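A quick write-up on the structure given underneath.
The values are calculated or read from the model by the stated rules, or taken from the named source; none is laboratory data. The model shown is predicted, which means the values in this text are computed figures rather than measured ones. Cβ sites come from the backbone with ideal geometry, for glycine too, and all protein chains shown count toward neighbours. Side chains included, ligands, DNA and RNA excluded: accessible areas come from the protein's heavy atoms. Shrake-Rupley method; radii C 1.70, N 1.55, O 1.52, S 1.80 Å.
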Amino acid sequence: MENKEAGTPPPIPSRERGLQPTLLLATLSAAFGSAFQYGYNLAVVNTPHKVFKSFYNETYFERHATFMDGKLMLLLWSCTVSMFPLGGLLGSLVVGLLVDSCGRKGTLLINNIFAIVPAILMGVSKVAKAFELVIFSRVVLGVCAGISYSALPMYLGELAPKNLRGLLGTMTEVFVIVGVFLAQIFSLQGILGNPEGWPVLLALTGVPALLQLLTLPFFPESPRYSLIQKGDEATARQALRRLRGHMDLEAEVEDMRVEARAERAEGHLSVLRLCALRSLRWQLLSIMVLMAGQQLSGINAINYYADTIYASAGVEAAHSQYVTVGSGMVNIVMTVTSAVLVERLGRRRLLLAGYGICGSACLVLTVVLLFQNKVSELSYLGIICVFAYIAGHSTGPSPVPSVVRTEIFLQSSRRAAFMVDGAGALAHQLHRGLPVPIHPVYIYMVIPETKGKTFVEINCIFAKRNRVKLAEEKKEETIDAGPPTPSPAKETSF
(Lines give C-alpha, C1' and ligand atoms only; values in the text may rest on other atoms or scores of the structure.)
Protein backbone atom coordinates (compact mmCIF):
# COMPACT_ATOMS: atom_id res chain seq x y z
CA MET A 1 0.00 0.00 0.00
CA GLU A 2 2.82 2.37 0.83
CA ASN A 3 4.31 1.90 -2.64
CA LYS A 4 0.98 2.74 -4.28
CA GLU A 5 0.53 5.86 -2.20
CA ALA A 6 4.03 7.04 -3.04
CA GLY A 7 3.41 6.36 -6.73
CA THR A 8 6.33 3.91 -6.92
CA PRO A 9 5.67 0.54 -8.54
CA PRO A 10 6.45 -2.51 -6.40
CA PRO A 11 9.76 -4.21 -7.21
CA ILE A 12 9.52 -6.95 -9.79
CA PRO A 13 10.98 -10.18 -8.49
CA SER A 14 13.95 -11.48 -10.46
CA ARG A 15 13.51 -14.87 -12.05
CA GLU A 16 16.83 -16.63 -12.34
CA ARG A 17 17.22 -19.86 -14.24
CA GLY A 18 20.05 -22.05 -15.39
CA LEU A 19 22.00 -21.91 -18.62
CA GLN A 20 19.57 -22.19 -21.54
CA PRO A 21 20.55 -23.96 -24.81
CA THR A 22 20.50 -20.79 -26.96
CA LEU A 23 22.68 -18.91 -24.47
CA LEU A 24 25.07 -21.85 -24.20
CA LEU A 25 25.43 -22.26 -27.97
CA ALA A 26 25.85 -18.52 -28.52
CA THR A 27 28.61 -18.49 -25.89
CA LEU A 28 30.39 -21.45 -27.49
CA SER A 29 30.18 -19.96 -30.98
CA ALA A 30 31.48 -16.55 -29.90
CA ALA A 31 34.18 -17.82 -27.52
CA PHE A 32 35.51 -20.57 -29.79
CA GLY A 33 35.72 -18.29 -32.81
CA SER A 34 37.39 -15.39 -30.99
CA ALA A 35 39.06 -16.41 -27.71
CA PHE A 36 40.24 -19.81 -28.92
CA GLN A 37 42.05 -18.48 -31.97
CA TYR A 38 43.48 -15.64 -29.83
CA GLY A 39 45.05 -18.19 -27.49
CA TYR A 40 46.14 -20.37 -30.41
CA ASN A 41 48.04 -17.48 -31.99
CA LEU A 42 49.67 -16.57 -28.68
CA ALA A 43 51.43 -19.94 -28.48
CA VAL A 44 51.65 -21.37 -31.97
CA VAL A 45 55.07 -19.89 -32.84
CA ASN A 46 56.81 -20.70 -29.54
CA THR A 47 57.68 -24.41 -29.62
CA PRO A 48 58.57 -24.78 -33.35
CA HIS A 49 60.56 -21.51 -33.52
CA LYS A 50 63.63 -23.35 -34.87
CA VAL A 51 61.57 -24.65 -37.79
CA PHE A 52 60.39 -21.13 -38.67
CA LYS A 53 63.90 -19.72 -38.40
CA SER A 54 65.15 -22.45 -40.71
CA PHE A 55 62.48 -21.45 -43.28
CA TYR A 56 63.55 -17.80 -43.01
CA ASN A 57 67.19 -18.77 -43.54
CA GLU A 58 66.51 -21.05 -46.49
CA THR A 59 64.35 -18.42 -48.19
CA TYR A 60 67.03 -15.78 -47.68
CA PHE A 61 69.67 -18.14 -49.12
CA GLU A 62 67.62 -18.76 -52.27
CA ARG A 63 67.37 -15.01 -52.81
CA HIS A 64 70.92 -13.90 -51.92
CA ALA A 65 73.04 -17.10 -52.14
CA THR A 66 74.15 -16.59 -48.56
CA PHE A 67 72.65 -17.29 -45.15
CA MET A 68 71.49 -14.60 -42.74
CA ASP A 69 73.81 -13.39 -40.03
CA GLY A 70 72.70 -13.75 -36.44
CA LYS A 71 71.64 -10.12 -36.02
CA LEU A 72 69.32 -10.16 -39.03
CA MET A 73 67.76 -13.44 -37.93
CA LEU A 74 67.20 -12.02 -34.44
CA LEU A 75 65.60 -8.91 -35.92
CA LEU A 76 63.23 -10.86 -38.18
CA TRP A 77 62.22 -13.29 -35.46
CA SER A 78 61.70 -10.45 -32.97
CA CYS A 79 59.42 -8.82 -35.55
CA THR A 80 57.50 -12.08 -35.99
CA VAL A 81 56.86 -12.35 -32.25
CA SER A 82 56.32 -8.67 -31.40
CA MET A 83 54.05 -7.84 -34.35
CA PHE A 84 51.22 -9.77 -32.70
CA PRO A 85 50.85 -7.51 -29.61
CA LEU A 86 51.54 -4.45 -31.77
CA GLY A 87 48.62 -5.38 -34.01
CA GLY A 88 46.59 -6.04 -30.88
CA LEU A 89 47.25 -2.49 -29.72
CA LEU A 90 45.94 -1.19 -33.05
CA GLY A 91 42.86 -3.42 -32.82
CA SER A 92 42.02 -2.24 -29.31
CA LEU A 93 42.00 1.38 -30.52
CA VAL A 94 39.33 0.75 -33.19
CA VAL A 95 37.11 -1.64 -31.25
CA GLY A 96 35.07 1.17 -29.68
CA LEU A 97 33.96 2.49 -33.05
CA LEU A 98 33.06 -1.03 -34.22
CA VAL A 99 30.99 -2.12 -31.20
CA ASP A 100 28.98 1.11 -31.33
CA SER A 101 28.30 1.15 -35.07
CA CYS A 102 28.09 -2.60 -35.82
CA GLY A 103 26.99 -4.01 -32.46
CA ARG A 104 28.75 -6.62 -30.35
CA LYS A 105 27.85 -9.59 -32.53
CA GLY A 106 28.44 -7.65 -35.74
CA THR A 107 31.94 -6.69 -34.57
CA LEU A 108 32.83 -10.31 -33.88
CA LEU A 109 31.59 -11.33 -37.34
CA ILE A 110 33.54 -8.58 -39.11
CA ASN A 111 36.61 -9.46 -37.07
CA ASN A 112 36.74 -12.92 -38.65
CA ILE A 113 38.14 -11.31 -41.79
CA PHE A 114 41.29 -10.48 -39.80
CA ALA A 115 41.70 -14.18 -38.96
CA ILE A 116 40.78 -15.92 -42.22
CA VAL A 117 42.88 -13.76 -44.58
CA PRO A 118 46.17 -14.13 -42.63
CA ALA A 119 45.50 -17.86 -42.18
CA ILE A 120 45.44 -18.22 -45.97
CA LEU A 121 48.56 -16.07 -46.38
CA MET A 122 50.54 -18.07 -43.82
CA GLY A 123 49.36 -21.33 -45.33
CA VAL A 124 50.81 -20.44 -48.74
CA SER A 125 53.95 -18.67 -47.45
CA LYS A 126 56.15 -21.74 -47.88
CA VAL A 127 54.99 -22.32 -51.46
CA ALA A 128 55.41 -18.61 -52.21
CA LYS A 129 58.84 -18.64 -50.50
CA ALA A 130 58.00 -15.42 -48.69
CA PHE A 131 58.59 -15.23 -44.94
CA GLU A 132 57.29 -11.64 -45.15
CA LEU A 133 53.78 -13.12 -45.42
CA VAL A 134 54.19 -14.69 -41.98
CA ILE A 135 55.34 -11.41 -40.40
CA PHE A 136 52.56 -9.39 -42.07
CA SER A 137 49.97 -12.00 -41.08
CA ARG A 138 51.06 -11.78 -37.45
CA VAL A 139 50.24 -8.05 -37.49
CA VAL A 140 46.76 -8.70 -38.91
CA LEU A 141 46.15 -11.51 -36.41
CA GLY A 142 47.15 -9.08 -33.66
CA VAL A 143 44.47 -6.64 -34.86
CA CYS A 144 41.99 -9.52 -34.68
CA ALA A 145 43.14 -10.32 -31.14
CA GLY A 146 42.85 -6.70 -30.02
CA ILE A 147 39.26 -6.49 -31.23
CA SER A 148 38.36 -9.88 -29.72
CA TYR A 149 39.93 -8.98 -26.36
CA SER A 150 37.30 -6.26 -25.84
CA ALA A 151 34.33 -7.20 -28.01
CA LEU A 152 33.96 -10.80 -26.78
CA PRO A 153 33.79 -10.14 -23.00
CA MET A 154 31.41 -7.26 -23.74
CA TYR A 155 29.12 -9.53 -25.78
CA LEU A 156 29.14 -12.42 -23.29
CA GLY A 157 28.70 -10.13 -20.28
CA GLU A 158 25.66 -8.47 -21.85
CA LEU A 159 24.08 -11.76 -22.95
CA ALA A 160 24.28 -13.32 -19.48
CA PRO A 161 21.76 -12.94 -16.65
CA LYS A 162 23.34 -11.63 -13.45
CA ASN A 163 23.44 -15.09 -11.82
CA LEU A 164 25.52 -16.46 -14.73
CA ARG A 165 27.56 -13.37 -15.59
CA GLY A 166 30.66 -14.65 -13.82
CA LEU A 167 30.51 -18.07 -15.47
CA LEU A 168 30.07 -16.69 -18.97
CA GLY A 169 32.61 -13.93 -18.36
CA THR A 170 35.34 -16.46 -17.57
CA MET A 171 34.64 -18.32 -20.81
CA THR A 172 36.88 -15.82 -22.59
CA GLU A 173 39.90 -16.96 -20.61
CA VAL A 174 38.84 -20.64 -20.65
CA PHE A 175 38.87 -20.70 -24.45
CA VAL A 176 42.10 -18.67 -24.62
CA ILE A 177 43.78 -21.33 -22.45
CA VAL A 178 42.30 -24.16 -24.52
CA GLY A 179 43.65 -22.44 -27.64
CA VAL A 180 47.11 -22.16 -26.08
CA PHE A 181 46.99 -25.82 -25.05
CA LEU A 182 45.99 -27.13 -28.48
CA ALA A 183 48.64 -24.93 -30.09
CA GLN A 184 51.20 -26.62 -27.83
CA ILE A 185 49.86 -30.05 -28.85
CA PHE A 186 49.83 -29.34 -32.58
CA SER A 187 53.28 -27.72 -32.35
CA LEU A 188 54.92 -30.94 -31.18
CA GLN A 189 57.54 -32.14 -33.62
CA GLY A 190 55.73 -35.41 -34.19
CA ILE A 191 52.50 -33.66 -35.24
CA LEU A 192 52.80 -30.34 -37.13
CA GLY A 193 55.86 -28.67 -35.58
CA ASN A 194 58.16 -29.87 -38.36
CA PRO A 195 59.39 -28.57 -41.76
CA GLU A 196 56.53 -30.25 -43.62
CA GLY A 197 53.64 -29.45 -41.27
CA TRP A 198 54.19 -25.87 -40.12
CA PRO A 199 52.17 -24.20 -42.96
CA VAL A 200 49.12 -26.24 -41.87
CA LEU A 201 49.91 -25.41 -38.22
CA LEU A 202 49.68 -21.68 -38.96
CA ALA A 203 46.71 -21.97 -41.32
CA LEU A 204 44.59 -23.75 -38.70
CA THR A 205 43.96 -20.39 -37.02
CA GLY A 206 41.35 -19.69 -39.69
CA VAL A 207 39.19 -22.71 -38.78
CA PRO A 208 37.62 -21.26 -35.57
CA ALA A 209 36.93 -17.98 -37.38
CA LEU A 210 35.24 -19.79 -40.25
CA LEU A 211 33.06 -21.79 -37.85
CA GLN A 212 32.03 -18.62 -36.03
CA LEU A 213 31.21 -16.95 -39.34
CA LEU A 214 28.87 -19.85 -40.16
CA THR A 215 27.17 -20.17 -36.75
CA LEU A 216 27.08 -16.83 -34.91
CA PRO A 217 24.59 -15.11 -37.30
CA PHE A 218 21.89 -17.50 -36.01
CA PHE A 219 22.16 -16.11 -32.45
CA PRO A 220 20.82 -12.81 -31.13
CA GLU A 221 22.61 -9.53 -30.69
CA SER A 222 23.20 -8.27 -27.16
CA PRO A 223 19.77 -7.28 -25.78
CA ARG A 224 21.37 -4.49 -23.73
CA TYR A 225 22.86 -3.03 -26.91
CA SER A 226 19.50 -3.25 -28.69
CA LEU A 227 17.51 -1.57 -25.91
CA ILE A 228 19.96 0.88 -24.32
CA GLN A 229 21.92 2.06 -27.34
CA LYS A 230 19.45 1.48 -30.17
CA GLY A 231 16.24 2.04 -28.22
CA ASP A 232 14.69 -1.08 -29.79
CA GLU A 233 12.84 -2.75 -26.91
CA ALA A 234 10.98 -5.20 -29.16
CA THR A 235 14.25 -6.65 -30.50
CA ALA A 236 15.70 -6.77 -26.99
CA ARG A 237 12.66 -8.67 -25.69
CA GLN A 238 12.81 -11.12 -28.58
CA ALA A 239 16.50 -11.76 -27.86
CA LEU A 240 15.80 -12.21 -24.14
CA ARG A 241 13.05 -14.74 -24.82
CA ARG A 242 15.49 -16.83 -26.86
CA LEU A 243 18.32 -16.50 -24.36
CA ARG A 244 16.30 -17.05 -21.17
CA GLY A 245 13.81 -19.64 -22.38
CA HIS A 246 10.81 -18.04 -20.63
CA MET A 247 8.44 -15.08 -20.97
CA ASP A 248 8.96 -13.56 -17.50
CA LEU A 249 11.31 -10.79 -18.59
CA GLU A 250 9.98 -7.69 -16.82
CA ALA A 251 12.61 -7.59 -14.08
CA GLU A 252 15.49 -7.71 -16.58
CA VAL A 253 13.86 -5.28 -19.00
CA GLU A 254 13.23 -2.83 -16.15
CA ASP A 255 16.87 -3.12 -15.12
CA MET A 256 17.86 -2.17 -18.68
CA ARG A 257 15.45 0.78 -18.63
CA VAL A 258 17.05 2.04 -15.41
CA GLU A 259 20.47 1.76 -17.01
CA ALA A 260 19.19 3.49 -20.16
CA ARG A 261 17.96 6.42 -18.04
CA ALA A 262 21.32 6.53 -16.29
CA GLU A 263 23.07 6.61 -19.66
CA ARG A 264 20.89 9.43 -20.95
CA ALA A 265 21.64 11.40 -17.79
CA GLU A 266 25.37 10.69 -17.96
CA GLY A 267 25.79 10.99 -21.72
CA HIS A 268 27.90 8.93 -24.09
CA LEU A 269 31.52 8.95 -22.96
CA SER A 270 34.66 9.23 -25.03
CA VAL A 271 38.01 7.97 -23.76
CA LEU A 272 39.13 11.50 -22.83
CA ARG A 273 35.94 12.22 -20.94
CA LEU A 274 36.13 8.85 -19.19
CA CYS A 275 39.60 9.69 -17.90
CA ALA A 276 38.42 13.10 -16.69
CA LEU A 277 35.19 12.12 -14.90
CA ARG A 278 35.44 11.94 -11.12
CA SER A 279 32.44 9.60 -10.93
CA LEU A 280 34.39 6.89 -12.81
CA ARG A 281 37.80 7.46 -11.28
CA TRP A 282 37.97 4.35 -9.10
CA GLN A 283 36.42 2.11 -11.74
CA LEU A 284 39.02 3.17 -14.31
CA LEU A 285 41.88 2.81 -11.83
CA SER A 286 40.57 -0.64 -10.83
CA ILE A 287 40.58 -2.09 -14.35
CA MET A 288 44.05 -0.64 -14.96
CA VAL A 289 45.36 -2.31 -11.77
CA LEU A 290 43.69 -5.62 -12.66
CA MET A 291 45.08 -5.47 -16.18
CA ALA A 292 48.58 -4.64 -14.96
CA GLY A 293 48.39 -7.44 -12.41
CA GLN A 294 47.34 -9.89 -15.10
CA GLN A 295 50.10 -8.90 -17.52
CA LEU A 296 52.93 -8.05 -15.09
CA SER A 297 52.37 -10.75 -12.50
CA GLY A 298 55.32 -12.75 -13.80
CA ILE A 299 53.38 -15.49 -15.59
CA ASN A 300 55.22 -14.74 -18.84
CA ALA A 301 58.56 -14.92 -17.06
CA ILE A 302 57.57 -18.25 -15.49
CA ASN A 303 56.63 -19.62 -18.90
CA TYR A 304 59.81 -18.27 -20.48
CA TYR A 305 62.15 -19.81 -17.90
CA ALA A 306 60.15 -23.01 -17.41
CA ASP A 307 62.36 -24.99 -19.78
CA THR A 308 65.47 -23.89 -17.84
CA ILE A 309 63.87 -25.02 -14.58
CA TYR A 310 62.88 -28.35 -16.11
CA ALA A 311 66.41 -28.85 -17.44
CA SER A 312 67.90 -28.17 -14.00
CA ALA A 313 65.65 -30.93 -12.64
CA GLY A 314 67.15 -33.38 -15.12
CA VAL A 315 64.41 -33.28 -17.75
CA GLU A 316 65.94 -33.82 -21.18
CA ALA A 317 65.44 -31.09 -23.78
CA ALA A 318 63.55 -33.51 -26.05
CA HIS A 319 61.09 -34.25 -23.23
CA SER A 320 60.60 -30.72 -21.86
CA GLN A 321 57.93 -30.02 -24.49
CA TYR A 322 55.80 -32.76 -22.93
CA VAL A 323 56.23 -31.22 -19.47
CA THR A 324 55.06 -27.95 -21.02
CA VAL A 325 51.95 -29.76 -22.26
CA GLY A 326 51.41 -30.99 -18.69
CA SER A 327 51.53 -27.42 -17.40
CA GLY A 328 48.97 -26.55 -20.07
CA MET A 329 46.66 -29.21 -18.67
CA VAL A 330 47.02 -27.69 -15.18
CA ASN A 331 46.16 -24.30 -16.69
CA ILE A 332 42.97 -25.63 -18.30
CA VAL A 333 41.79 -27.55 -15.22
CA MET A 334 42.25 -24.59 -12.87
CA THR A 335 40.70 -22.07 -15.27
CA VAL A 336 37.61 -24.27 -15.66
CA THR A 337 37.52 -24.70 -11.87
CA SER A 338 37.59 -20.92 -11.50
CA ALA A 339 34.70 -20.61 -13.98
CA VAL A 340 32.64 -23.01 -11.87
CA LEU A 341 33.49 -21.32 -8.56
CA VAL A 342 33.25 -17.66 -9.57
CA GLU A 343 29.49 -17.48 -8.87
CA ARG A 344 29.81 -19.39 -5.58
CA LEU A 345 32.88 -17.81 -4.01
CA GLY A 346 32.76 -14.42 -5.72
CA ARG A 347 35.31 -12.44 -7.67
CA ARG A 348 37.34 -11.00 -4.77
CA ARG A 349 38.04 -14.34 -3.11
CA LEU A 350 39.30 -15.93 -6.31
CA LEU A 351 41.52 -12.94 -7.10
CA LEU A 352 43.02 -12.84 -3.59
CA ALA A 353 43.45 -16.63 -3.43
CA GLY A 354 45.13 -16.68 -6.84
CA TYR A 355 47.59 -13.95 -5.93
CA GLY A 356 48.29 -15.68 -2.62
CA ILE A 357 49.19 -18.94 -4.38
CA CYS A 358 51.34 -17.10 -6.95
CA GLY A 359 53.21 -15.18 -4.26
CA SER A 360 53.89 -18.29 -2.20
CA ALA A 361 55.09 -20.22 -5.24
CA CYS A 362 57.44 -17.37 -6.19
CA LEU A 363 58.99 -17.27 -2.71
CA VAL A 364 59.61 -21.01 -2.64
CA LEU A 365 60.90 -21.00 -6.23
CA THR A 366 63.39 -18.25 -5.36
CA VAL A 367 64.75 -20.35 -2.49
CA VAL A 368 64.95 -23.41 -4.75
CA LEU A 369 66.92 -21.54 -7.44
CA LEU A 370 69.34 -20.21 -4.80
CA PHE A 371 70.11 -23.56 -3.19
CA GLN A 372 69.49 -26.21 -5.87
CA ASN A 373 73.21 -26.40 -6.71
CA LYS A 374 73.89 -27.47 -3.10
CA VAL A 375 70.83 -29.70 -2.67
CA SER A 376 70.04 -31.36 -6.01
CA GLU A 377 66.70 -32.74 -4.82
CA LEU A 378 65.35 -29.17 -4.58
CA SER A 379 65.24 -28.96 -8.38
CA TYR A 380 62.16 -31.20 -8.41
CA LEU A 381 60.48 -28.78 -6.03
CA GLY A 382 61.15 -26.10 -8.65
CA ILE A 383 58.92 -27.95 -11.13
CA ILE A 384 56.18 -28.16 -8.50
CA CYS A 385 56.50 -24.41 -7.90
CA VAL A 386 56.08 -23.68 -11.61
CA PHE A 387 52.93 -25.82 -11.73
CA ALA A 388 51.64 -24.19 -8.52
CA TYR A 389 52.22 -20.71 -9.91
CA ILE A 390 50.36 -21.55 -13.11
CA ALA A 391 47.50 -23.02 -11.03
CA GLY A 392 47.31 -19.88 -8.87
CA HIS A 393 47.34 -17.54 -11.85
CA SER A 394 44.60 -19.60 -13.52
CA THR A 395 42.46 -19.40 -10.39
CA GLY A 396 42.02 -15.64 -10.23
CA PRO A 397 44.43 -13.19 -11.92
CA SER A 398 43.94 -14.74 -15.34
CA PRO A 399 40.15 -15.34 -15.75
CA VAL A 400 38.43 -13.01 -13.27
CA PRO A 401 39.49 -9.53 -14.54
CA SER A 402 37.51 -10.03 -17.76
CA VAL A 403 34.39 -10.48 -15.62
CA VAL A 404 35.00 -7.50 -13.35
CA ARG A 405 35.78 -5.02 -16.11
CA THR A 406 32.42 -5.79 -17.74
CA GLU A 407 30.49 -5.41 -14.48
CA ILE A 408 31.86 -2.18 -13.02
CA PHE A 409 30.91 0.04 -15.99
CA LEU A 410 27.50 0.98 -17.36
CA GLN A 411 26.69 0.79 -21.05
CA SER A 412 27.58 4.45 -21.68
CA SER A 413 31.16 4.11 -20.40
CA ARG A 414 31.87 0.42 -21.15
CA ARG A 415 33.07 1.02 -24.70
CA ALA A 416 35.65 3.65 -23.72
CA ALA A 417 36.73 1.64 -20.67
CA PHE A 418 37.37 -1.46 -22.76
CA MET A 419 39.44 0.59 -25.21
CA VAL A 420 41.65 1.83 -22.36
CA ASP A 421 41.93 -1.63 -20.82
CA GLY A 422 42.58 -3.43 -24.11
CA ALA A 423 45.21 -0.95 -25.26
CA GLY A 424 46.98 -1.15 -21.91
CA ALA A 425 46.92 -4.94 -21.73
CA LEU A 426 48.28 -5.48 -25.22
CA ALA A 427 50.87 -2.72 -24.80
CA HIS A 428 52.11 -4.46 -21.66
CA GLN A 429 52.68 -7.64 -23.67
CA LEU A 430 55.46 -5.73 -25.40
CA HIS A 431 57.15 -5.17 -22.01
CA ARG A 432 57.04 -8.27 -19.85
CA GLY A 433 57.93 -7.41 -16.30
CA LEU A 434 58.18 -8.63 -12.76
CA PRO A 435 55.55 -9.46 -10.11
CA VAL A 436 53.83 -6.40 -8.67
CA PRO A 437 52.88 -6.95 -4.99
CA ILE A 438 50.36 -4.11 -4.68
CA HIS A 439 47.62 -5.81 -6.70
CA PRO A 440 46.17 -8.08 -3.98
CA VAL A 441 46.26 -5.15 -1.51
CA TYR A 442 44.36 -2.95 -3.96
CA ILE A 443 41.79 -5.68 -4.64
CA TYR A 444 41.19 -6.19 -0.93
CA MET A 445 40.90 -2.47 -0.17
CA VAL A 446 39.04 -1.12 -3.21
CA ILE A 447 37.29 -3.60 -5.51
CA PRO A 448 33.82 -4.61 -4.23
CA GLU A 449 32.22 -8.02 -4.62
CA THR A 450 30.04 -7.84 -7.77
CA LYS A 451 28.53 -11.34 -7.60
CA GLY A 452 24.75 -11.28 -8.01
CA LYS A 453 24.49 -7.48 -8.41
CA THR A 454 23.06 -5.56 -11.36
CA PHE A 455 25.18 -3.11 -13.32
CA VAL A 456 23.30 -0.20 -11.75
CA GLU A 457 23.86 -1.51 -8.20
CA ILE A 458 27.59 -1.87 -8.87
CA ASN A 459 27.64 1.67 -10.25
CA CYS A 460 26.05 2.94 -7.02
CA ILE A 461 28.75 1.24 -4.93
CA PHE A 462 31.48 3.01 -6.86
CA ALA A 463 29.58 6.31 -6.77
CA LYS A 464 29.90 6.26 -2.97
CA ARG A 465 33.62 5.55 -3.22
CA ASN A 466 34.04 8.34 -5.78
CA ARG A 467 32.02 10.64 -3.44
CA VAL A 468 29.68 11.74 -6.20
CA LYS A 469 25.93 11.65 -6.59
CA LEU A 470 24.37 9.87 -9.53
CA ALA A 471 22.20 11.76 -11.96
CA GLU A 472 19.09 9.94 -10.70
CA GLU A 473 19.81 10.99 -7.10
CA LYS A 474 20.38 14.59 -8.15
CA LYS A 475 17.06 14.54 -10.00
CA GLU A 476 15.23 13.25 -6.89
CA GLU A 477 16.84 15.94 -4.73
CA THR A 478 15.75 18.60 -7.22
CA ILE A 479 12.17 17.33 -7.13
CA ASP A 480 12.15 17.30 -3.32
CA ALA A 481 13.55 20.81 -3.14
CA GLY A 482 10.97 22.23 -5.53
CA PRO A 483 11.46 24.01 -8.88
CA PRO A 484 15.01 25.28 -9.36
CA THR A 485 15.78 28.94 -9.74
CA PRO A 486 17.01 29.82 -13.21
CA SER A 487 20.74 30.25 -13.55
CA PRO A 488 22.97 30.96 -16.52
CA ALA A 489 24.24 27.93 -18.43
CA LYS A 490 27.76 26.93 -17.64
CA GLU A 491 29.81 25.23 -20.33
CA THR A 492 32.58 22.83 -19.36
CA SER A 493 35.52 21.35 -21.23
CA PHE A 494 33.81 17.97 -21.40
Seminar exercise, completed: Listed by chain and number, the residues whose amide H is under 5 Å from that of Lys451, excluding neighbours fewer than 5 places away on the same chain and using placed H, are Arg347
Problem set entry | Label-point gap, in nm, between Glu250 and Lys374 - each point 7 angstrom along Cα→Cβ | 7.4 nm
For this session: Using 0.36 nm per residue of separation minus the Cα-Cα distance, give me the extension gain between His49 and Ile110 in nm, one decimal.
Result: 18.9 nm
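Indicate the gyration tensor shape class of the stretch 73-132 (rounded, prolate or oblate), computed on the Cα atoms with a ≥ b ≥ c the square roots of the eigenvalues: a/c under 1.5 is rounded; otherwise a/b larger than b/c is prolate and the rest oblate.
It comes out oblate by the Cα gyration axes.
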Exercise. If packing is taken as the mean number of other Cβ atoms within 10 Å per residue, what is the order of 410-420, 372-382, highest first?
Worked result: 410-420, 372-382
Exercise. If we sort 79-86, 205-212 on the protection proxy, mean other Cβ atoms within 10 Å, highest first, what's the order?
Worked result: 205-212, 79-86
Exercise. In Å², what does the accessible area per residue of the stretch 359-419 work out to with a 1.4 Å probe?
Worked result: 35 Å²
Seminar exercise, completed: With the dipole of the stretch 189-254 defined by +1 on each Lys or Arg Cβ and -1 on each Asp or Glu Cβ, the option from Leu192, Gln212, Gly245 whose Cα lies farthest towards the positive pole is Leu192
Exercise. Tell me, Kirkwood radius of the stretch 339-390 from alpha-carbon pair distances, in Å?
Worked result: 12.2 Å
Problem set entry | Prolate/oblate/rounded call for the stretch 368-412, Cα gyration tensor, a/c under 1.5 rounded | prolate
Exercise. Along its principal axes, what span do the Cα atoms of the stretch 24-165 show, with the longest given first and each in whole Å?
Worked result: 62, 27, 25
Problem set entry | Label-point gap, in nm, between Val271 and Ser101 - each point 7 angstrom along Cα→Cβ | 1.6 nm
Exercise. Per the 1.4 Å probe, what fraction of the accessible area of the stretch 151-287, in percent, lies on carbon and sulfur atoms?
Worked result: 63 percent
For this session: Using 0.36 nm per residue of separation minus the Cα-Cα distance, give me the extension gain between Val94 and Lys129 in nm, one decimal.
Result: 9.3 nm
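With all distinct Cα pairs included, what does the Kirkwood hydrodynamic radius of the stretch 169-239 come out to in Å, to one decimal, could you say?
15.1 Å
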Exercise. Counting Lys +1, Arg +1, Asp -1, Glu -1, what net charge surrounds Arg348 among other residues with beta carbon under 9 Å of its beta carbon?
Worked result: +2
